[in-house]
Structures are given as C-alpha cells and as structure tokens.
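The values are calculated or read from the model by the stated rules, or taken from the named source; none is laboratory data. Fair warning: this is a prediction, and the values are worked out from it, not measured in the lab. Counting neighbours? That spans all protein chains shown, and the Cβs are built from the backbone with ideal geometry, glycine included.
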Amino acid sequence: MYSFAARFLKIFLSLFGRIDVYGKEHLPQSGGYVIACTHTGWVDILWLGISVFPTKIHFMAKKELFQTRFTKWLMTELNAFPVNRENPGPSTLKIPRKLLKEGKVVGIFPSGTRTTEDVPLKKGAVTIANLANVPIVPAAYVGPNNFKELLKRKKPVLIFGEPIMIDQQLPKKEKIDRMLHILEKEMTSLQTGFKSKVKK
C-alpha cells in the first residue's frame, strides 16, 4: 500500500510542478535515523515521503487520525503510528524507538502542528533519537501548503541538512536541551537560507 501510494502521489503532485530536492546525499545509507522536518501544511508530508522513496518513512501522527476503522487501517498501511499529543504515553517513545532499532526511518514534525509561524520545537524528536542513539536529519520544506497553492503551481522545494548526532557524554537534560537548540537552528537555517537565495 505504501509503495502504491508513493508512486501514485508522485505522479499526481508532479502534475502541479516537480519538486527540487537538495542535500539528499546527507541521508544515512544504513541504520535507522529520524527525519525532523518543518510542517506548514499537508503537502509537505506527501513530498517528504515521496522524496526519499523507496526508503519508507514511519510517520508519527495524531491519534485522532486512527479513530475510525477505515482511517486506522489506512494510516497503519501507510506506516503511520498514533501519538496522543495532549497526553503522550509510553508508546510515544516505545514504538519509534523499536522502529529505529530495526534500522527504519521515523519522520517527525517537531513543531507539533502545521504552522507558518516560528514556534518552539517540541522535544519528542530529540528524545526519541537520544533513546535509540541514532542521528537526526534536519529538513525544511518550502512550497505549496494546500490545494489552492498547488493550483497556482508554486514551486516545491525540500532541503535536507547534515545528520546531527547527540553527544552521549553530556548529562541527559543538558544533551536534550543542546540538541533541541541545534536542531531548531539547523531547520531554521535551511528554510530561511533557501528563501533568501530565491529573493536574490
């Protein structure tokens, strides 16, 4: 189902303009890792999944998307797993940690919600990467966020940064806070850096 959906969506979205992907060479060639991407609309989720295919991303998704039998089946088939954003439980860490240990890729949007504003990142991505001892690849999406913007053929761009490894020698709180600061800085830099180049 995942492979079929990825191929179909690539054809569908390409009708509105092909995506430019930068920094894909930064993606680790083996082992599990976390992709932490900016999140401004539903389109970025689709392009992120398509851009790394045939590598499959296991997305963390809000539990509300799993409430009906059909949507639960669909989300599961698309490699998504639920998280209660208001009251995260043990599974919030257990499921992605298990996936990463199996060498799989976990996709997380650290802003916690779709927004075009600068908001503090949540610690989930960093905490999960720390527990699994895997790198975090920062990513930024610039482009159409909804169907209206797709129709305007706004150019989609996805930029991957270099993997960030957590310094396991630091005390737990310090390393989480430091990594969160580095991740936030890198994601902002990728996004604003590209936008400034376009303006020139």
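Out of GLU149, GLU162, GLU174, GLU184, I need the residue that is in a helix (DSSP H, G or I) and modelled with pLDDT of 90 or more. Which one?
The unique qualifying residue is GLU184.
Please find, within segment 82-117, the residue that is farthest from TRP42 (Cα to Cα) out of those that are at pLDDT 70 or above, of a type in the set (Gly, Ala, Ser) and part of a loop (DSSP other than H, G, I, E, B).
It comes out as GLY103.
Please determine whether any residue of segment 119-134 is modelled with pLDDT of 90 or more and closer than 20 Å to TYR22 by Cα.
no
Determine whether segment 1-14 contains at least one residue that is loosely packed, with under 15 Cβ neighbours inside 10 Å and closer than 28 Å to LEU183 by Cβ.
No.
Please verify whether segment 83-104 includes one or more residues that are under 28 Å from PHE147 (Cα atoms) and within 14 Å of the chain's Cα centre (by Cα).
no
If you scan segment 143-169, which residues turn out to be more than 19 Å from ALA36 (Cβ to Cβ) and hydrophobic (A, V, I, L, M, F, W, C)?
Hits for segment 143-169 are PHE147, LEU150, LEU151.
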